[in-house]
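First up is the structure itself, then whatever we jot down about it.
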Amino acid sequence: MVWREKSNYVIQTVSNALDILDQFYTGVDEIGVTELSKKLKLHKNNVFRLLATLEARGYIEQNKATENYRLGSKCLQLGQTYLRQIGFLQQARSTLKELAKGTKESAFVTLRRGMEIVPLDFIEPENPVRVVSFLGVALPVHCTASGKVHLAFESEAELKERLPESLARYTDSTIVDRSELLKQLKGISEGGYAVDLAEFFPEVSCVAVPVRDYARNLVGTLAVAGPSQRLKQDKIEKEIAPAIVKAGSELSKRLGYQE
């Protein structure tokens, strides 16, 4: 495969739509089609179609009185999400270091992206035999501890819509029976932590807990991963789970969560 500069893959229509949003960086509250057409050097027809698309998705809204356009509520939601994520990662760093040191296992935090879980920060312990960083790797939700945490706190309607009837198998330990997984999810919501015993990575076990913010939103997960030969069920229940539940609770409190 021939690799090219990312600029070669830019879609001009998408770029033009983002140029419209950029016009509001200067502090302008509202702007009309004619002015946008002049500034972007685009035909009015094109500008109107771009605005209509952005308006349909909630990124732009029209002031009916002036017929000018302003930023929509979706922009605010994105900004708030970004701020939550940045705050989450900043606050999580010290927790990860303490957790990796205390458990002598790898510690990481994740965010959810659709039906995937993405690790965004990862600390390896000073242990010759350890799980090495898989930062940025997209993980499935149904067979990872972090993914199960997110599923466990969804409504029945959300699970019915998002969780497919057929679950992919990654290892011999992967739960592929949907009803069995749903039973496990109920236990997770009651117990406060999730476990996967070599269900995605062979010979790697993991424990994860939810992390919430001041608005009680589930902003991500805190997790510990180690070799399955070391992270057996007994050790998880007696040592790892209590440590990570406590760490997750403290991290959530720093993000403003009140139980």
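For the reader, a short list of remarks on this structure follows.
- From the list Glu190, Glu239, Glu259, the lone residue that is touching a helix residue (DSSP H, G or I) at 6+ places or on another chain (Cβ under 8 Å) and without any contact (Cβ under 8 Å) to a residue 24 or more places away in the chain is Glu259.
- In region 155-190, of all residues being open to solvent by less than 60 Å² (accessible area, probe 1.4 Å) and modelled with pLDDT under 90, the one that is nearest to Val211 (Cα to Cα) corresponds to Ser189.
- Region 60-110: number of residues that are crowded, with 21+ Cβ neighbours inside 10 Å and touching a Phe, Trp or Tyr at 6+ places or on another chain (Cβ under 8 Å): 6
- Residue in region 35-54 that is within 27 Å of Gly147 (Cα to Cα) and either surrounded by fewer than 16 Cβ atoms within 10 Å (Cβ to Cβ) or among the aliphatic types (A, V, I, L, M) (or both) present: no
- Tally, over region 76-120, of residues that are over 19 Å from Ala241 (Cβ atoms) and among the polar types (S, T, N, Q): 7
- Any hit, region 180-190, residues being under 23 Å from Leu111 (Cβ atoms), part of a loop (DSSP other than H, G, I, E, B) and within 22 Å of the chain's Cα centre (by Cα): no
- When Ile240 is tested against (1) open to solvent by 60 Å² or more (accessible area, probe 1.4 Å); (2) farther than 27 Å from Gly114 by Cβ, exactly one condition is not met: (1).
- Residues of region 191-201 that are within 19 Å of Pro140 (Cβ to Cβ), in a loop (DSSP other than H, G, I, E, B) and open to solvent by less than 40 Å² (accessible area, probe 1.4 Å): Ala198, Glu199, Phe200.
- Residue in region 73-83 that is within 21 Å of Thr13 (Cα to Cα) and over 16 Å from the mean Cα position of the chain (by Cα) present: yes
- Qualifying residues in region 202-218 (those that are among the small types (Gly, Ala, Ser) and surrounded by 19 or more Cβ atoms within 10 Å (Cβ to Cβ)) - the one nearest to Ala107 (Cα to Cα): Ala208
- A Cβ distance below 6 Å, combined with a sequence gap of six or more or placement on separate chains, defines the contacts here; from region 119-137, residues that are under 17 Å from Pro227 (Cα atoms) and open to solvent by 60 Å² or more (accessible area, probe 1.4 Å) reach residues that are polar (S, T, N, Q) and in a strand (DSSP E or B) in the pairs Glu124/Ser106; Arg130/Ser106.
- Consider region 125-143 and keep the residues that are over 21 Å from the mean Cα position of the chain (by Cα) and over 14 Å from Cys206 (Cα atoms). The one that is modelled with the highest pLDDT is Pro125.
- Scanning region 212-259 for residues that are hydrophobic (A, V, I, L, M, F, W, C), part of a strand (DSSP E or B) and modelled with pLDDT under 95 yields a count of 2.
- A residue that is open to solvent by 10 Å² or more (accessible area, probe 1.4 Å) and over 20 Å from Glu124 (Cα atoms) cannot be found anywhere in region 220-232.
- Some residue of region 73-89 being modelled with pLDDT under 90 and within 30 Å of Lys235 (Cβ to Cβ): yes
The values are calculated or read from the model by the stated rules, or taken from the named source; none is laboratory data. Small disclaimer: the values here were computed from a predicted structure and weren't measured. With ideal geometry, Cβ positions are generated from the backbone for all residues, glycine too; neighbour counts draw on all protein chains shown. Only protein heavy atoms, including side chains, enter the accessible area calculation; ligands, DNA and RNA are left aside. Shrake-Rupley method; radii C 1.70, N 1.55, O 1.52, S 1.80 Å.
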